[in-house]
Amino acid sequence: MEIMADEEVTTPRRQVLLISAGASHSVALLSGNVVVSWGRGEDGQLGHGDAEDRPFPTQMSALDGHEIISITCGADHAIAYSESLMQLYSWGWGDFGRLGHGNSSDLFTPQPIKALGGVRIKQIACGDSHCLAVTMHGEVQSWGRNQNGQLGLGTTEDSLVPQKVQAFQGISVKMVAAGAEHTAAVTEDGELFGWGWGRYGNLGLGDRNDRLVPQKVSAVYGQKMVLVACGWRHTISVCASGSLYTYGWSKYGQLGHGDCEDQLIPHQLQALRNDVISQISGGWRHTMALTSDGKLYGWGWNKFGQVGVGDNVDHCVPVQVKFPIEQKVVQISCGWRHTLAVTERQNVFSWGRGTNGQLGHGENIDRNTPKIIEALSTDGFSCQNIEPSKAESLSGRMWVSPSKRYAIVPGESVQGQSFVPSNVSDLSVPESDVKRMRF
């Protein structure tokens, strides 16, 4: 991509090309190959070289000049791809090797995944703790956590570096999707596969068993699948005619079939049978679908307003999301408890959980209807007032000590170790540096 000829050098007007939402953070790719991020930063997932939250979109200076064309968020990490340099970059929480660097260290600035250097990448998927990349040749590489076989390697051993999924030998994969502990794929021939954790039927194989290698979903035989997405423990797919199918966990109505019953095989969503679905996205417990004529529908868990329909009640059938000014939606991404959308007017909206600034509005307020992110929108500041981060180089990993990253309570004891105030030696901080569950 190139900067448009009419863009100013000092304060360029840019447009948002891609958006991606993580557990509590968000990343966007702007024209001119600029990457911005905002929200929770405790685990380095914002890539700014520190552990600070950002309530507004902030330019990820470390990726300037790397000609990034793709960005994807995992739960607490992210990956970017440079086509011209043929290089993937990852950063954020590193447990289980999800960053692909051969260790489990956190990274606070993007670093190249050396094992995939020089490989042309078609698509990337990030789950809770594992990642996958589809090459231009249709091969699949996977890495990270693998306790339920979600890497598709035939084992339950984590992989600290990318490994080729041998089960797809001779099969050209079009795209992959990653959930909490399961994975799905669509091949160029339109076949649907599932593997990993299957307790709720989220593999679509008719049972609740795990699979250590990809297995074809036979229930959709005869339908050519073109899209697939994973929620935390449910799966969404779209066939060539635009019909939408969902399966897996449905405790909060996230399958959209009018009940809260799990589905062990893909079931067509009757409520949208007359619509042609062009994009899908799965959140922790909610689902969004975009039609070919720009209408957006949401359903599922809605405690924080992440469905975006003006209430905080769970919805077990699709409900159309309305925007302040009527405009067609062209892109959608679900985080765990928040949602992002881009409209044809080049406006970016967010709604749902607002803690840590993950909505990008400069506040920590939950929203149950779409609110424009002015910093990124044509009807706002057109990306002209975005502050850069201080991390300007990929030359080395910027590490922030655990004692500075966490609020330490003097005298508190964990696993037999006593914490002391953060202005003293880091020897007092447990080596495990255990992360806390976020609600």
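The values are calculated or read from the model by the stated rules, or taken from the named source; none is laboratory data. These numbers come from a predicted model, not from an experiment. Cβ: placed from backbone, ideal geometry, glycine included. Neighbour counts: every protein chain shown. Heads up: the accessible areas ignore ligands, DNA and RNA and are worked out on the full protein's heavy atoms, side chains in. Shrake-Rupley method; radii C 1.70, N 1.55, O 1.52, S 1.80 Å.
Could you tell me what a quarter of the Cα convex hull surface of the stretch 1-114 works out to, in nm² with one decimal place? Don't skip to the end; give the middle numbers.
On the way: hull surface 26.7 nm².
Computed as one quarter of the Cα hull surface, the answer is 6.7 nm².
Within straight cross-link reach of LYS328, meaning Cα distance under 23 Å, which lysines are found once same-chain residues fewer than 8 apart are removed?
Counting by Cα, and skipping residues close in sequence, LYS328 has these lysines nearby: LYS295, LYS371.
Using only the alpha carbons of the stretch 254-298, determine the length spanned along each of the three principal axes and report them from longest to shortest in whole angstroms.
Over the stretch 254-298, Cα extents along the principal axes are 30, 23, 16 Å.
Report the Cα centroid-to-centroid distance between the stretch 55-107 and the stretch 327-372 in angstrom, as an integer.
So the separation of the two Cα centres works out to 21 Å.
Of all alpha-carbon pairs in the chain, indicate the percentage at a distance above 43 angstrom. All intermediate terms of the calculation are to be shown ahead of the outcome.
On the way: 7812 of 96141 pairs.
Percentage above 43 Å: 8.
For VAL330 and LYS164 in one chain, what is 0.36 nm times their gap in residues minus the Cα-Cα distance, to one decimal in nm? Intermediate results must be reported in sequence, preceding the final value.
Numbers: separation 166, 0.36 × 166 = 59.76 nm, distance 3.29 nm.
So the chain would gain 56.5 nm between VAL330 and LYS164.
Give the Rg/Rh ratio for the stretch 56-198, taking Rg as the radius of gyration of the Cα atoms and Rh as the Kirkwood radius, to two decimals. Walk me through the numbers before you get to the answer.
Values: Rg = 14.2 Å, Rh = 14.9 Å.
Rounded to two decimals, Rg/Rh equals 0.95.
Could you work out the percent of alpha carbon pairs in the stretch 194-334 separated by over 27 Å, rounded to a whole number?
Values: 1522 of 9870 pairs.
Summing the P(r) of the stretch 194-334 above 27 Å gives 15 percent of all pairs.
Ranked from highest to lowest mean number of other Cβ atoms within 10 Å per residue, what is the order of the peptides 165-176, 335-346?
On the way: 165-176: 17.9, 335-346: 24.3.
Highest to lowest by the protection proxy: 335-346, 165-176.
Suppose every K and R has +1 on its Cβ and every D and E has -1 on its Cβ; what is the size of the dipole of the chain about the Cα centre, in Debye to the nearest 20?
That gives the chain a dipole magnitude of about 680 debye.
Which of the lysines could a cross-linker span from LYS114 if the Cα-Cα distance has to be under 19 Å and same-chain partners fewer than 8 positions apart are dropped?
LYS122, LYS164
Treating only the Cβ atoms of Lys and Arg (+1) and Asp and Glu (-1) as charged, compute the dipole magnitude of the stretch 1-119 about its Cα centre; round to the nearest 20 debye.
Details: 6 positive and 15 negative charges, 46 e Å.
The calculated dipole for the stretch 1-119 is roughly 220 debye.
For the stretch 103-243, what is the accessible area per residue in Å² when the probe is 1.4 Å? Show your work: numbers first, answer last.
Working: 5140 Å² over 141 residues.
Solvent-accessible surface per residue comes out at 36 Å².
With the full set of protein chains in place, find how many percent of the accessible area of the chain is carbon and sulfur; take the probe as 1.4 Å. Walk me through the numbers before you get to the answer.
Numbers: 8390 of 17540 Å².
Accessible surface attributable to carbon and sulfur in the chain totals 48 percent.
Set the Förster distance to 45 Å, then compute FRET efficiency between SER292 and ILE365 from the Cβ-Cβ distance, nearest 0.05.
Numbers: r = 33 Å, r/R0 = 0.74.
That gives a FRET efficiency of 0.85.
Please give the peptides 212-221, 68-77 ranked by average Cβ packing (other Cβ atoms within 10 Å per residue), highest first, as a rough proxy for protection. Show your work: numbers first, answer last.
Working: 212-221: 17.9, 68-77: 24.0.
Ranked by mean Cβ neighbours within 10 Å, highest first: 68-77, 212-221.
Among GLY258, VAL161, ILE171, which residue has its Cα furthest toward the positive end of the charge dipole of the chain, with +1 on Lys/Arg Cβ and -1 on Asp/Glu Cβ?
Highest projection toward the positive end goes to GLY258.
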